[in-house]
Amino acid sequence: MNSPQKRTTLCVYDHTGGGVIPVATVQQVAEECGLVVAPQAYAPAEVVGTIGLIHPPSNDTWESVLASAGKDEIRIRMSSQGRPGSALPVKTKVGAYGFELVPKPFDLPKAHWEAILSGLSDGEIIKTLAAGGDVRDLRGFFFRDPDPQILPALTILCQGYLAAHVDPRTAKLDIAQDQPAHELCDKALERMGWKTLIRNPEVELPGMLGRDRLGLQKTLLDPTWWKIFGEDDPLKIAQQEWGRQGNGPWQHVKALITQVVGGKGDIKPEVVARAYLALAGKLGKREQ
């Protein structure tokens, strides 16, 4: 195990002399976070200490800097254009960690440098990030997650389910008002804009909604209908797309996917309405 002194040392190597990494800001933040600031390195061999911020002139330089790091030491590669985010963290044979910073270094405000440097001073946080997890919202600095696929697909399925429970002639739900699902579904349909849509005389709704709606509703209760979004492990993918889960809205989405994957029991309107409202809130925030 490294000594406390070594675990809290920061060193910066920018082969341009400071044109890519805001050295002064980083060193100031490091001191405020209680890190020991080593002199700026002007050659790869001078990079020392626990945390090394690196702007290498070549892949070979990056590899050599990473190879020279000791156990539990971290080297973070940076670029004037940002890194692609597709390079996963690596752990060397001796136990050093290599990360790649996704944003452009000069685009990061001081508060983000504080989050990064204070977070990477904690060995447990480093291990979590290296395994692809998230702590203190640090994951986004080192990973660029793909655009969501499962969550938007599930949102569309929820919309179709809920729309099938509305009479297109009256805009009224086919669910009794004294049922617990009525209020939830009504709220979800308002969020969808569906009730406004079907009251618009200029809008022609799909003919299927005017025909055997009860038969359609029965079909939608079956978990197998929902499996058309067809991933081998949709819950795991949805968790990755959602990010930090917690005990709030994510739990409603998880409940729906878990029931779909399990394939047991009818998919109830209240389950779908809760999931849709959670999804609409989450995806709506991303679009802002």
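A compact table of results
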item	result
Flag for A96 being among the aliphatic types (A, V, I, L, M) and over 19 Å from S118 (Cα atoms)	no
Those helices (runs of 4 or more DSSP H) lying entirely in the range 211-288 with at least 1 residues at pLDDT below 85	213-221, 223-226, 234-242, 269-287
Residue within the range 99-106 that is of a type outside the set (D, E, K, R), closer than 30 Å to K268 by Cβ, surrounded by fewer than 19 Cβ atoms within 10 Å (Cβ to Cβ) and under 22 Å from the mean Cα position of the chain (by Cα) present	no
Residue pairs meeting the criteria (Cβ under 8 Å; at least 6 apart or on separate chains; first polar (S, T, N, Q), in the range 251-278; second outside any helix (DSSP H, G or I))	Q251/Q245; Q259/G265; Q259/I267
Lone unmet requirement of (1) within 30 Å of K187 (Cα to Cα); (2) free of Cβ contacts under 8 Å to residues at least 24 places away in the same chain; (3) hydrophobic (A, V, I, L, M, F, W, C) for L151	(2)
Qualifying residue in the range 110-124 (condition: among the β-branched types (V, I, T) and within 16 Å of T8 (Cβ to Cβ))	yes
Residue in the range 63-77 that is part of a loop (DSSP other than H, G, I, E, B), more than 22 Å from I126 (Cα to Cα) and in the same structural domain as K127 (by TED's automatic domain parsing) present	no
Residues (loosely packed, with under 11 Cβ neighbours inside 10 Å, modelled with pLDDT of 80 or more and touching a Leu at 6+ places or on another chain (Cβ under 9 Å)) located in the range 161-208	none
The range 127-144 residues that are assigned by TED's automatic domain parsing to the domain that holds G85 and at positive phi, paired with ones that are at pLDDT 85 or above and outside any helix (DSSP H, G or I) (beta carbon under 7 Å, 6 or more apart)	none
Verdict on G82 being farther than 23 Å from G19 by Cβ, outside the structural domain of Q240 (by TED's automatic domain parsing) and either crowded, with 20+ Cβ neighbours inside 10 Å or modelled with pLDDT under 95 (or both)	no
Close pairs from the range 179-192: first farther than 9 Å from E270 by Cα, partner polar (S, T, N, Q), Cβ under 7 Å, at least 6 apart	M192/Q159
Any hit, the range 12-32, residues being part of a loop (DSSP other than H, G, I, E, B) and within 21 Å of D137 (Cα to Cα)	no
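The values are calculated or read from the model by the stated rules, or taken from the named source; none is laboratory data. Quick caveat, the model's predicted, so the values are computed rather than measured. Glycine gets a Cβ as well: all are built from the backbone with ideal geometry, and neighbour counts include every protein chain shown.
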